[in-house]
Amino acid sequence: MSLEDFDAANPVANAPLAEKMIRKLRAGMMPPPGVSRPPDDEVLAFVTGMEETIDAAAARNPNPGTRTFQRLNRAEYERAVQDLLGLEIDASAYLPGETVSAGFDNIADVQNLSATLLEAYLTAASEVSRLALGDANATPAEATYEVSRYAEQRHHVPGAPFGTRGGISVVHNFVADGEYYFRLAFQHESTGNFFGQTAPFDEEVEVSIDGARVALIPLDRWMHRQDPRGVEVVTDPIRVTAGPHRVSAAFIKVTEGPVEDLTSPHEWSLADKKIGYSYGITGVPHLRDLTIGGPYNVTGVSPTAAWQRVMSCLPSTPAEEPACAREIIDRLGTRAFRRPVTEAEADGLMGLFAEGTAEGGFDIGVRTALQGILASPDFVFRFEEPAPGSVDANGMYRLGDGALASRLSFFLWGRLPDEELVAAAAAGDLSRPEVFEHQVERMLRDPRAEALGTRFASQWLRLQDLDKVHPDALRFPDFYEQLAEDMQRETETFFNALVQEDGTLADLLTADYSYMNERLARHYGIPGVAGEHFRRVEYLNPQRRGVLGHGSILTLTSHANRTSPVLRGKWVMEVLLGTPPPPPPPDVPELDATADASEGRFLTVRERLEAHRANPTCNSCHRFIDPIGLALENFDVTGAWRVRDTGSPVETLGELYDGTPIHGPDDLRAALLRRPESLVRTFAENLMAYALGRRIEYYDMPAVRQVARAVAAQDYRLSAFIREVARSDPFRMAKSAAVVEEAMGGDRN
């Protein structure tokens with residue numbers, strides 16, 4: 001970044017560079033450490049002057065930006081099918097993984113299309129319509145549900161009958177009434193022996209459907225993978241009706257107290273290093289996967305909840321079938337397309353109904369039309385049309401009410417607009433400010449707004465990275481998958497509670513409470529919490545306040561065998577301050593390559609970092625990153641509190657890049673809150689990117705600053721951020737793509 005030709009008196013002439021400068025100056029990262037700094041009031045006056053000049057120019061010539069069409073990603077597709085049909089599916093079985101950009105999986109620019117992807121949506125439409133209405137002609141197939149290698153199997157699994165332990169519990173959609181078999185495969189050692197041969201008691205596995213036992217299988221403790229069926233058992237054929245049913249395969253619990261392994265009472269998984277690969281490590285059998293096969297001897301299709309939702313009318317005679325089918329198509333199509341179905345669209349879907357009816361009767365006709373709805377571009381894609389007559393001479397326009405309804409619903413709920421929102425859009429009322437404000441308030445208070453935590457906050461805070469970190473089970477034996485899931489749920493629930501209870505952005509960092517169950521509270525050392533359900537709990541350790549004390553954040557910013565001040569510091573700079581450090585040069589060695597021992601003892605992470613920073617090339621970035629991460633060193637890899645590292649006391653004292661001394665999490669929080677503008681704008685920027693489904697460009701920053709100014713008058717409440725983003729011009733307006741490209745000079749960076 002060169003400032004040689006930058007004209008500070010005219011920042012509008014090079015707005016992209018000016019916005020980079022504003023970001024760095026607001027965060028206190030310019031000038032860099034060790035260089036003479038002007039007084040803070042001079043820096044503030046300079047940056048404020050640039051902002052005012054740029055914002056004034058934007059007011060004269062607004063640019064709300066544009067985006068290409070969006071398609072439903074996996075999460076949105078699952079929720080759309082649930083809204084439309086009441087059917088829970090796993091979209092990953094049909095659709096490829098999403099490309100993440102700007103931290104989110106709904107960014108339109110990277111949602112590339114291909115023949116393979118379109119084929120995946122067509123396949124999904126065919127399969128989902130069959131699951132919804134059943135298929136009496138279904139041929140046998142298998143579906144396998146794997147138990148994570150990192151799952152703990154000593155305690156009760158949610159969904160399984162009480163009195164069981166471990167195993168798996170899933171909702172499986174049975175396509176027809178018929179006979180199905182259930183195959184259970186178990187963990188085995190590298191020698192092929194079955195885990196449990198040395199157990200002090202026999203084991204039994206119960207297979208249940210909707211909580212009712214359908215099979216009880218005694219385990220052969222001496223089975224071996226070289227046996228004809230390997231380390232697995234298969235039930236006799238079991239008759240099951242069509243539709244979704246909860247299937248559980250779990251061990252009968254035979255003791256009330258804790259079950260101990262041969263070598264340790266810890267709750268190991270069978271995942272890391274020698275655990276699960278050496279004979280004698282465990283005496284407790286573990287389920288590896290459950291396979292459901294069928295149907296055989298099909299007798300028909302029983303009406304299911306999804307069938308009843310689709311079949312809102314039933315014809316008494318063949319003459320009544322077309323009218324009934326048209327009513328079903330209009331109703332489902334309006335919900336699926338997020339707008340009323342046109343006459344031409346309805347005629348085309350009625351043609352599909354006629355073809356299906358000729359093939360197999362009324363039900364097959366409706367199923368074929370439903371498949372057409374699910375395969376329609378108007379369901380899969382989110383096209384945004386301008387409001388009639390709103391396009392001005394500069395190519396700027398208001399979004400049509402239908403497009404605004406979809407944008408609002410996928411922002412707040414991550415799913416289809418409901419009937420009330422679609423009706424308001426169809427009547428042309430959503431563009432009226434009072435109706436729009438009413439709908440935003442209604443939707444924020446609706447339980448479906450939990451998507452703000454599970455979709456927006458989860459991705460903004462990078463909680464998906466928890467899946468990438470599996471702490472070394474030999475060093476952290478009490479960490480397993482269910483605990484990681486609890487950590488993620490804690491952060492999502494905490495964020496949603498702040499939204500619903502009018503919490504502030506500062507509360508995100510300073511709240512002295514969180515939401516947890518017994519397992520997570522025990523990990524944090526908090527007594528008096530019992531059961532699986534999450535509830536509000538106040539911290540005993542004040543150092544754990546806010547998200548910087550959440551196990552989710554602390555674990556996803558660690559390595560498997562040690563903490564990482566670099567990852568933690570980078571996370572704070574990128575996620576909270578919006579100033580990510582540059583990637584390391586290719587010729588710089590990793591920290592793990594630094595010597596890990598000295599004078600007969602292991603080095604602490606801090607000592608290894610200091611040796612790493614001796615390289616001047618490394619020091620230029622690490623002087624920004626390391627003090628932030630070192631302030632959190634009292635938290636180990638799994639987020640548990642510690643006072644020693646490799647036998648030496650943990651030392652958290654450091655100096656922030658702007659010269660602020662920090663000593664532990666409390667000082668770090670206080671230092672971050674001393675620069676609220678960076679926190680506020682970064683949060684607003686991420687929220688707007690998620691809401692718009694596109695990356696935030698330099699020309700969006702005046703709108704981001706407008707949101708920041710508006711929420712300042714509302715004590716920076718999270719709900720205020722959401723309302724102000726929904727009210728912003730970039731959310732409610734757009735500009736033609738050609739005009740935006742011309743304004744950017746073809747540079748989208």
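The values are calculated or read from the model by the stated rules, or taken from the named source; none is laboratory data. Source: prediction; values computed, not measured. We place every Cβ from the backbone using ideal geometry, glycine too, and count neighbours over all the protein chains shown. Just so you know, the surface numbers come from the protein's heavy atoms only, side chains and all, with ligands and any DNA or RNA stripped out. Shrake-Rupley method; radii C 1.70, N 1.55, O 1.52, S 1.80 Å.
Suppose the filter is of a type outside the set (Asp, Glu) and open to solvent by 60 Å² or more (accessible area, probe 1.4 Å); does ARG445 pass it? Reasoning before the result, please.
On the way: of a type outside the set (Asp, Glu): yes; open to solvent by 60 Å² or more (accessible area, probe 1.4 Å): yes.
Criteria met by ARG445.
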Among helices (runs of 4 or more DSSP H) entirely within the range 8-101, at least 1 residues that are under 20 Å from SER409 (Cα atoms) occur in 74-85
Of those in the range 131-168 that are among the hydrophobic types (A, V, I, L, M, F, W, C) and under 23 Å from the mean Cα position of the chain (by Cα), the residue nearest to TYR480 (Cα to Cα) is ALA151
When the range 379-401 is checked residue by residue, the ones that are open to solvent by 20 Å² or more (accessible area, probe 1.4 Å), closer than 19 Å to SER728 by Cβ and in a loop (DSSP other than H, G, I, E, B) are GLU384, SER390, ASP392, ASN394
Among residues of the range 664-682 being charged (D, E, K, R) and outside any helix (DSSP H, G or I), the residue farthest from the chain's Cα centre (by Cα) is ARG674
Quick count over the range 330-362, residues being touching a Leu at 6+ places or on another chain (Cβ under 8 Å) and more than 22 Å from ASP83 (Cβ to Cβ), is 0
Residues of the range 440-485 being free of Cβ contacts under 8 Å to residues at least 60 places away in the same chain and touching a Leu at 6+ places or on another chain (Cβ under 6 Å), in sequence order, are MET443, ALA449
Residue pairs qualifying under the 8 Å Cβ cut-off, at least six apart or on distinct chains, with the first in the range 389-412 being at positive phi and the second being open to solvent by 30 Å² or more (accessible area, probe 1.4 Å) and at pLDDT below 95, are GLY395/SER736; GLY395/ALA738; GLY395/VAL739
Note on PHE495: of the conditions (1) more than 27 Å from GLU441 (Cβ to Cβ); (2) buried (at least 22 other Cβ atoms within 10 Å of the Cβ); (3) touching a residue at least 60 places away in the same chain (Cβ under 8 Å), unmet is (1)
Note: among GLU320, GLU345, just one is open to solvent by 50 Å² or more (accessible area, probe 1.4 Å), in a helix (DSSP H, G or I) and out of contact with any Cys (no Cβ under 7 Å at 6 or more places or on another chain), namely GLU320
Any chance PHE46 is open to solvent by 30 Å² or more (accessible area, probe 1.4 Å), touching a residue at least 12 places away in the same chain (Cβ under 8 Å) and in contact with a strand residue (DSSP E or B) (Cβ under 7 Å, 6 or more places away or on another chain) = no
When (1) modelled with pLDDT of 95 or more; (2) buried (at least 20 other Cβ atoms within 10 Å of the Cβ); (3) not charged (D, E, K, R) are applied to GLN464, the one that fails is (2)
Restricting the range 514-529 to residues that are open to solvent by 30 Å² or more (accessible area, probe 1.4 Å) and touching a residue at least 12 places away in the same chain (Cβ under 8 Å), the one farthest from the chain's Cα centre (by Cα) turns out to be GLY525
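Which is over 25 Å from ALA449 (Cα atoms), surrounded by fewer than 23 Cβ atoms within 10 Å (Cβ to Cβ) and of a type in the set (A, V, I, L, M), of VAL680, VAL643? Talk me through it step by step, then tell me what you get.
Values: VAL680 fails: over 25 Å from ALA449 (Cα atoms).
Only one candidate passes the filter, namely VAL643.
Residues ARG732, ARG674, ARG748: which one is charged (D, E, K, R) and modelled with pLDDT of 95 or more?
Values: ARG674 fails: modelled with pLDDT of 95 or more; ARG748 fails: modelled with pLDDT of 95 or more.
After ruling out the rest, the residue left standing is ARG732.
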Screening PHE362, PHE379, PHE353 for residues that are touching a Cys at 6+ places or on another chain (Cβ under 9 Å) and at pLDDT 95 or above leaves only PHE362
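Can you tell me which of VAL537, VAL499 is closer than 23 Å to PRO665 by Cβ and either among the acidic types (Asp, Glu) or not in a loop (DSSP other than H, G, I, E, B) (or both)? Lay out the reasoning, then the answer.
Values: VAL499 fails: closer than 23 Å to PRO665 by Cβ.
Residue meeting the stated conditions: VAL537.
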Exactly one of VAL704, VAL650, VAL711 is open to solvent by less than 20 Å² (accessible area, probe 1.4 Å), of a type in the set (A, V, I, L, M) and in contact (Cβ under 8 Å) with a residue 24 or more places away in the chain, and that residue is VAL711
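Which residues, taken from the range 657-669, are of a type outside the set (Val, Ile, Thr), without any contact (Cβ under 8 Å) to a residue 40 or more places away in the chain and touching a helix residue (DSSP H, G or I) at 6+ places or on another chain (Cβ under 9 Å)? Steps first, answer last, please.
Initial filter on the range 657-669 (of a type outside the set (Val, Ile, Thr)): 657-659, 661, 663-669.
Filter once more, keeping what is without any contact (Cβ under 8 Å) to a residue 40 or more places away in the chain: 661, 663, 667.
Answer for the range 657-669, where residues must be of a type outside the set (Val, Ile, Thr), without any contact (Cβ under 8 Å) to a residue 40 or more places away in the chain and touching a helix residue (DSSP H, G or I) at 6+ places or on another chain (Cβ under 9 Å): just PRO661.
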Listed by first then second residue, the pairs whose first member lies in the range 105-125 and is of a type in the set (D, E, K, R), whose partner is open to solvent by 50 Å² or more (accessible area, probe 1.4 Å), with beta carbons under 8 Å and at least 6 positions apart or on separate chains, are ASP105/ARG74; ASP105/THR99; ASP109/THR68; ASP109/ARG695; ASP109/ARG748
Determine whether the range 294-317 contains at least one residue that is exposed (fewer than 14 other Cβ atoms within 10 Å of the Cβ), without any contact (Cβ under 8 Å) to a residue 12 or more places away in the chain, of a type outside the set (Phe, Trp, Tyr) and outside any loop (DSSP other than H, G, I, E, B). yes
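So, in the range 360-378, how many residues would count as being open to solvent by 10 Å² or more (accessible area, probe 1.4 Å) and either farther than 17 Å from LEU117 by Cα or assigned to a helix (DSSP H, G or I) (or both)?
From the range 360-378, those open to solvent by 10 Å² or more (accessible area, probe 1.4 Å) are 360-364, 367-368, 371-372, 375-378; that's our starting set.
So of that shortlist, the ones also either farther than 17 Å from LEU117 by Cα or assigned to a helix (DSSP H, G or I) (or both) come out as 360-364, 367-368, 371-372, 375, 377-378.
Counting residues in the range 360-378 that are open to solvent by 10 Å² or more (accessible area, probe 1.4 Å) and either farther than 17 Å from LEU117 by Cα or assigned to a helix (DSSP H, G or I) (or both) gives 12.
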